[in-house]
Structures are given as C-alpha cells and as structure tokens.
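Worksheet: one structure, shown below.
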Amino acid sequence: MVNNKKSFFEKVYKVVNKIPYGKVSTYGAIANCLGRKGSARMVGWAMNASHSMESIIPAHRVVNRNGMLTGKHHFFSPERMQSMLEQEGITIKEDKIINFKLHFWDPSIELNQ
DNA sequence: TGATTGACCAACT
DNA sequence: CAGTTGGCCAATC
C-alpha cells in the first residue's frame, strides 16, 4: 500500500522521534527493529546527519548497547546530552547510563501498537 | 567509480 | 579475556 522502500534514515528518524520522555534506546535495537541487524552503524550515521537537518531528532536518547554515551561528542555540546538525559530522570555516571535497562525503550513497542 | 569510513553489535579465534 | 572479522547502508575521498 504504500511506500515501504524508504531510506533507512527516514525510518530511523521516525522511530527515534517516537521515543517517549524519560526513555532511551539503542542503535542495535532500532536497526534490528527496522529489519537490519548490522545496520546499527547506519543509525549513528542518521543521527550525525540529523544535525544538519532541520528535523528535530532526540538523538540524546539514543546510546549504544552498553548504555554508554558514545556519541555525546557529536552533539552540539557533549555536556548537553548528559544534561538532557539527567533532566528526564536518567542517571549518568562516567558517560554511561545507570539502570540503563530500566530506561531502555524498545522501538518494537511503538511499531507493534 | 572503487575504496574507505562511520555515534555499532555479535560471533568467532 | 582480548583482539579480529563479518555485516549492514549511506556518504565521502
């Protein structure tokens, strides 16, 4: 019925935009949800591109599998990412999220609804 | 146009 | 346990 051949970036943006407040997700989970397992790197690429785009992507809610803010340095300001996450009630120590599992949000949840 | 890289993950050695 | 490799798609050189 419609266009199911959109680029990865579009799908990534869609999912990341659906991440609820106070929740975080991972590159692998998003990529896996989109049907590509090894495309986790592409998710990161999409985030990098999101800077240049006018699209507002809560990239600060996307971290790696370990809950570590690997991409914080790619933000407008590295400290900004941590501040935003802490603002949402997430505790961060040494650039990694504490109780990451509790804050983890599975993209398939939104897609399944 | 081919080769390399890029905010990753998982499996294998 | 640590290092290497394969995988995926897109952008850059």
Tell me, yes or no, whether the range A:24-47 has at least one residue that is more than 10 Å from DNA strand B (Cβ to nearest atom), in a helix (DSSP H, G or I) and of a type in the set (K, R). no
Say we look at the range A:19-51 and pick out the residues that are of a type in the set (G, A, S) and within 15 Å of A:F100 (Cα to Cα); which of these is farthest from the chain's Cα centre (by Cα)? A:G22
With in a loop (DSSP other than H, G, I, E, B), without any contact (Cβ under 8 Å) to a residue 60 or more places away in the chain and within 19 Å of A:F8 (Cβ to Cβ) as the only criterion, which of A:S50, A:S55 stands out? A:S55
Condition test on A:E10, is it within 15 Å of DNA strand C (Cβ to nearest atom) and in a helix (DSSP H, G or I)? yes
Would you be able to say whether some residue in the range A:88-107 is within 12 Å of DNA strand B (Cβ to nearest atom), touching a Leu at 6+ places or on another chain (Cβ under 6 Å) and under 19 Å from A:N17 (Cα atoms)? no
Specify which of the listed residues (A:A46, A:A29) is modelled with pLDDT of 90 or more and closer than 15 Å to A:L111 by Cβ. A:A29
Please enumerate the residues belonging to the range A:58-79 that are within 12 Å of the chain's Cα centre (by Cα) and either within 15 Å of A:S7 (Cβ to Cβ) or assigned to a helix (DSSP H, G or I) (or both). A:A59, A:H60, A:R61, A:K72
Give the residue, chosen from A:I109, A:I90, that is more than 16 Å from DNA strand C (Cβ to nearest atom) and in contact (Cβ under 8 Å) with a residue 24 or more places away in the chain. A:I90
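The values are calculated or read from the model by the stated rules, or taken from the named source; none is laboratory data. This is a predicted model, so every value here is computed, not measured. Cβ atoms come from the backbone with ideal geometry, glycine included; neighbour counts cover every protein chain shown.
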